[in-house]
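Scroll down for the structure; my scribbles are underneath it.
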């Protein structure tokens, strides 16, 4: 005999009819109410906590619920059986808003975009492996080992010019004879010359890996890739340890100018990258030795520091980098720990403040080949903007500061598990969502954008970012006013402070005014921008409407905006995968023109206009 | 009032009329009697000792003459004034035979040959310097440092493909700005690509040096050269320290096969070379840092060991070297101490036992372009023979052992000051000449050849090398019979022993039979050889007639023989100087064919026939 009961879910006041004896978590999921659960309802993760307000139920005992929680009627939804009409309340940080459903569509859209990208840039990896069965030498064929190797490589590659370094030459005779003249050669094609990167016994074709690195001022991301398949195996992201030597590019350069400063900055960024590579290698069961190439995409300052090249002249007029197109390095020359014969390639960069990360963005977004006019913006510690189409490309750079990357703001974190990324304020109540649906640990860039918009929408702050209401959430701490977003049981608060808000307004103002300066300098109107590509650590989590509302982006129809995620990292991956991408990157930087905002008569005016929410551009 | 007196010079019994009151040394020189004198008659060197048998004279007191010498009427010729008819006796080791006069003609002939060589191979050094005044960057020309450098280099070199390594890239920004954008770039042209070797502030065009190294099994020679002028500034020669790990190539390879053996052999040869370079640098006041290139000419085993490459397969069938044409190395990769950005180039070698030293010899001798048939022989620890003309080149190698280089024989020394290089035995008396006209310290290769010939001519030894007379100079020492050439006042003897003679017969036999094997294999007769080029440490000091007499060389008219000195070293120099030489060297080794004596049915028969003085080939 079936019997139905009513389930009332707060704070949504959603009323659902469910079968008596049902599992509570299953009922919620069936009705599109998503709460945090990692283990899939096995009672292991202890994440799906809910509060039971009234009704009859049975909840299996579990050590995931403390005695205090039990007293407060908090139980695991996955362990709870409904026995009567029941009323429950979702805990704020466990709620996964409906938006997530939309996000999964965005992810599909993004995956589609990546597939298109692979079609545009066919696989032709920077390091290729070739398996060779060399004919044994005999008295009628006494060619030397190296010439014997070249003879076969010539047949396959149709090239005549080769190079080999001493380490490979040293191991060649033994490897050939131990492996019965069957070897796998890793090669790198540099213009018309073939560099022999590594030689291994027998057939190791299957193991050809690379690491793509996006070296950002604040964060460093890297992907371990399968060079044969053009596939990403694993990604990692971490803070750039250089951050403790200064938040932004200029302070890093100043530090590098000190005695021993360059060496120190070089060392820590190298450490960061080597740790990431080691992690990627361990987590994917890929041997460090099977990683034969690393690509670097980053701004010019980061590239200089990584290569231990004096970056001083990047900040001195007329702002000159050491190179735009970098030569290919051996991994050991730089100190990057992959196969000691591996190579390091750097995505070329057009200008001192528009580096390889933006070359990556231009190529990944595809704006260089479109008929319509597009705008590409990469938001990190610096914000770089490119406007153009298949005929022209113009760029500029603005210093946004690191707050969109979760640095330099009180409870800022980068976009990691536990970071508040979505916020809704409704009737004085705050709802938020964290990445990984975990206990909140801080606020990431997209979270700050939402927070700023919600504070403004709800008239908690005014156009200047001042708190304009009195409210139990607004408190003063050491003379600074702050708004409490979350307070944990043990009293730890996550807040946004008045200086945070000022910082965020300056940051969004820098981006907005840079965009409008480029558009005006080119004699265009905002509406001429038919596609607006957004790149940066935010990924696809940034809320466009709110971004327009706070005056980060200009007021364009929503459908013109497109998120591309970390295009610098995607570019680094494509740089490893595709010869066409590598060749085009050199063409792009020759085509790219630059507007120096610090010398632009328009910029200062635009910037001052942008220091409001949203701005004064109507 | 002039008065003339008679001067009688023993042992020649040469009678000369001289002015009374003349200086004795001057009188001897005026009459073409040369005795040792280094200081030119200033009384400083104390070398021009003579014995006064009778007559009146005045000799200035000098501490160069001991009391014992004074008692024996020994004085310095340069300090002696002739006061009456006088009879003197030259001391054997101070006599410079008339042959020396002929030698000086040979030297002129040789210098002429070197001038011809320079005409054949025009100067185009392996590392060129280019002085550039780069335009200052400004806001209208914000090209990066490296691209700015390339832009100027492109104009001058008309090449488009460049490469720079991390160390030069690192120093580029500071050098450019400290030197007001005036720099000197050292470049190396590798096929169509230009490698930037080094960058220096301001104009350093004048300082472009290189070191050419001949790495022999027993001796290592090197020249410090001025790359701008194609001139040799200084030469040095020393024993290869590897000699203590085995006399010949095979014993070195066997040693290299031991645990740690290769590393040890590599280390000692590197030490030897680095010491030579340091000496050359100090003695010529050339900074190590201004030496930008090193060329290596040597046999394959020596090249393998220097590069720390396993040489084992050179002695295992089918005898395969790691490479014939070697890539270009950075000096630091190999461990050669010149400018740390300097390069190391290796003369390519055709076969495992006919290496770059012989490629050098072929090119230096010019046999590759002659119409007539020539034979080239390089006599070192190995003897390599090439027969050919502009249409073909065939080579072979025989192991002569190190005795012609003064090693492995009792009183053997290399061709240094004090080495007995010429010997005459007449009426039971021995006359000899040492290099530098100094106190004899041992016997060098050419000295042994002369000695063997003189012993045979004077019927002191028979065709088998056995002593066939009893004579006060033939003594037994620890059961071994030896012939005393010189005994110093303190009783130190220089001798040739029975085993020495056997060694020498085997050595000359190896060379002779290799020559006759090649000639016979090619279906030629000895007389078809119209030019016979001799290379090796002997230089132009070897006596052809005596070499034919002992059966080292075949019986050809004397005028067909030509001495070329150390063609391996000359080749290494030319390899630095001339692009044409470098290109031709690669062509030559492709043209060269090889006769493997160990697999030749003719060789063993020829060898057995050659183990006599001179041989059984009549």
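The values are calculated or read from the model by the stated rules, or taken from the named source; none is laboratory data. Only a predicted model underlies this, so the values are computations on that prediction, with no experimental measurement involved. No Cβ is skipped: glycine too gets one built from the backbone with ideal geometry, and neighbour counts run over all protein chains shown.
Of the residues A:593, A:616, which single one is touching a residue at least 24 places away in the same chain (Cβ under 8 Å), surrounded by fewer than 23 Cβ atoms within 10 Å (Cβ to Cβ) and not in a helix (DSSP H, G or I)?
A:593
What residue, of A:587, A:606, A:559, is surrounded by fewer than 16 Cβ atoms within 10 Å (Cβ to Cβ) and either touching a helix residue (DSSP H, G or I) at 6+ places or on another chain (Cβ under 9 Å) or not in a helix (DSSP H, G or I) (or both)?
Of the residues listed, the single one that is surrounded by fewer than 16 Cβ atoms within 10 Å (Cβ to Cβ) and either touching a helix residue (DSSP H, G or I) at 6+ places or on another chain (Cβ under 9 Å) or not in a helix (DSSP H, G or I) (or both) is A:587.
Could you list, in sequence order, the residues of segment A:186-196 that are more than 7 Å from chain B (Cβ to nearest Cβ) and free of Cβ contacts under 8 Å to residues at least 12 places away in the same chain?
Answer for segment A:186-196, where residues must be more than 7 Å from chain B (Cβ to nearest Cβ) and free of Cβ contacts under 8 Å to residues at least 12 places away in the same chain: there is none.
Can you pull out the residues in segment A:1-17 that are farther than 19 Å from residue A:75 by Cα, surrounded by 14 or more Cβ atoms within 10 Å (Cβ to Cβ) and in contact with a strand residue (DSSP E or B) (Cβ under 7 Å, 6 or more places away or on another chain)?
Correct list: A:5, A:16.
Anything in segment B:246-280 that is out of contact with any helix residue (DSSP H, G or I) (no Cβ under 8 Å at 6 or more places or on another chain) and either under 15 Å from residue B:344 (Cα atoms) or surrounded by fewer than 20 Cβ atoms within 10 Å (Cβ to Cβ) (or both)? List them, or say none.
B:250, B:254, B:258, B:259, B:260, B:263, B:267, B:274, B:275, B:279
Considering each of A:450, A:439, A:433, A:405 in turn, give the residue that is modelled with pLDDT under 90, over 21 Å from residue A:240 (Cβ atoms) and crowded, with 23+ Cβ neighbours inside 10 Å.
A:433
Cβ-Cβ below 6 Å, separation at least six or inter-chain, first residue in segment A:134-147 and at the interface with another protein chain (Cβ under 7 Å from one of its Cβ atoms), second in a loop (DSSP other than H, G, I, E, B) and at pLDDT below 95: which pairs?
A:137/B:318; A:138/B:318; A:139/B:318; A:142/B:318
Would you mind finding the one in B:269, B:225, B:213 that is at pLDDT 95 or above and not assigned by TED's automatic domain parsing to the domain that holds residue B:300?
Only one candidate qualifies: B:213.
Against the definition (within 19 Å of residue A:324 (Cβ to Cβ) and away from chain A (no Cβ under 11 Å)), how does residue B:151 come out, yes or no?
Criteria met by residue B:151.
Please pick out the residue among A:505, A:534, A:496, A:485 that is touching a helix residue (DSSP H, G or I) at 6+ places or on another chain (Cβ under 6 Å) and touching a residue at least 40 places away in the same chain (Cβ under 8 Å).
Of A:505, A:534, A:496, A:485, the one residue that is touching a helix residue (DSSP H, G or I) at 6+ places or on another chain (Cβ under 6 Å) and touching a residue at least 40 places away in the same chain (Cβ under 8 Å) is A:496.
Look at residue A:358 and say whether it is touching a strand residue (DSSP E or B) at 6+ places or on another chain (Cβ under 7 Å), surrounded by 24 or more Cβ atoms within 10 Å (Cβ to Cβ), modelled with pLDDT under 95 and outside the structural domain of residue A:190 (by TED's automatic domain parsing).
For residue A:358, the condition - touching a strand residue (DSSP E or B) at 6+ places or on another chain (Cβ under 7 Å), surrounded by 24 or more Cβ atoms within 10 Å (Cβ to Cβ), modelled with pLDDT under 95 and outside the structural domain of residue A:190 (by TED's automatic domain parsing) - is not met.
Can you tell me which residue is surrounded by the fewest Cβ atoms within 10 Å (Cβ to Cβ) among those in segment A:154-163 that are within 12 Å of chain B (Cβ to nearest Cβ) and not in a strand (DSSP E or B)? Reasoning before the result, please.
First, pick out the residues of segment A:154-163 that are within 12 Å of chain B (Cβ to nearest Cβ): A:159-163.
In the following step, the residues that additionally are not in a strand (DSSP E or B) were identified as A:159-160.
Numbers: A:159: 14, A:160: 12.
Restricting to residues being within 12 Å of chain B (Cβ to nearest Cβ) and not in a strand (DSSP E or B), the top hit is A:160.
Does residue B:283 meet the test of being more than 7 Å from chain A (Cβ to nearest Cβ), within 25 Å of the chain's Cα centre (by Cα) and surrounded by fewer than 18 Cβ atoms within 10 Å (Cβ to Cβ)?
Spelling it out, residue B:283 is indeed more than 7 Å from chain A (Cβ to nearest Cβ), within 25 Å of the chain's Cα centre (by Cα) and surrounded by fewer than 18 Cβ atoms within 10 Å (Cβ to Cβ).
Which of the residues spanning segment B:50-69 are farther than 16 Å from residue B:21 by Cα and surrounded by 13 or more Cβ atoms within 10 Å (Cβ to Cβ)?
Once the filter is applied, which keeps residues that are farther than 16 Å from residue B:21 by Cα and surrounded by 13 or more Cβ atoms within 10 Å (Cβ to Cβ), segment B:50-69 yields B:50, B:51, B:62, B:64, B:65, B:69.
Each row is one residue, and each column tells you yes or no for (1) crowded, with 24+ Cβ neighbours inside 10 Å; (2) facing another protein chain (nearest Cβ under 7 Å).
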residue	(1), (2)
A:290	no, no
A:296	yes, no
A:299	yes, no
A:309	yes, yes
A:312	no, no
A:316	no, no
A:323	yes, yes
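Of the residues A:207, A:241, which is at pLDDT 95 or above and surrounded by fewer than 24 Cβ atoms within 10 Å (Cβ to Cβ)?
Numbers: A:241 fails: at pLDDT 95 or above.
Just a single option satisfies the conditions, and that option is A:207.
Outside the structural domain of residue B:589 (by TED's automatic domain parsing), surrounded by fewer than 24 Cβ atoms within 10 Å (Cβ to Cβ) and in contact (Cβ under 8 Å) with a residue 40 or more places away in the chain: is that true of residue B:335 in this structure? Quick ask: steps written out before the conclusion?
Details: outside the structural domain of residue B:589 (by TED's automatic domain parsing): yes; surrounded by fewer than 24 Cβ atoms within 10 Å (Cβ to Cβ): yes; in contact (Cβ under 8 Å) with a residue 40 or more places away in the chain: yes.
So residue B:335 passes the test.
How about segment A:336-362: which of its residues are more than 14 Å from chain B (Cβ to nearest Cβ) and out of contact with any helix residue (DSSP H, G or I) (no Cβ under 6 Å at 6 or more places or on another chain)?
Listed by number, the list holds a single entry, A:358.
Determine whether residue A:119 is within 14 Å of chain B (Cβ to nearest Cβ) and either in contact with a helix residue (DSSP H, G or I) (Cβ under 6 Å, 6 or more places away or on another chain) or farther than 30 Å from residue A:33 by Cα (or both).
no
For segment A:171-188, state whether one or more residues are under 30 Å from residue A:272 (Cα atoms), assigned to a helix (DSSP H, G or I) and in contact with a strand residue (DSSP E or B) (Cβ under 9 Å, 6 or more places away or on another chain).
no
Just one of B:166, B:175, B:199, B:183 is more than 8 Å from chain A (Cβ to nearest Cβ), farther than 25 Å from residue B:575 by Cα, at pLDDT 95 or above and in contact with a helix residue (DSSP H, G or I) (Cβ under 7 Å, 6 or more places away or on another chain); which is it?
B:183
Take residue A:495 and tell me if it is surrounded by fewer than 23 Cβ atoms within 10 Å (Cβ to Cβ), under 28 Å from the mean Cα position of the chain (by Cα) and closer than 23 Å to residue A:608 by Cβ.
No.
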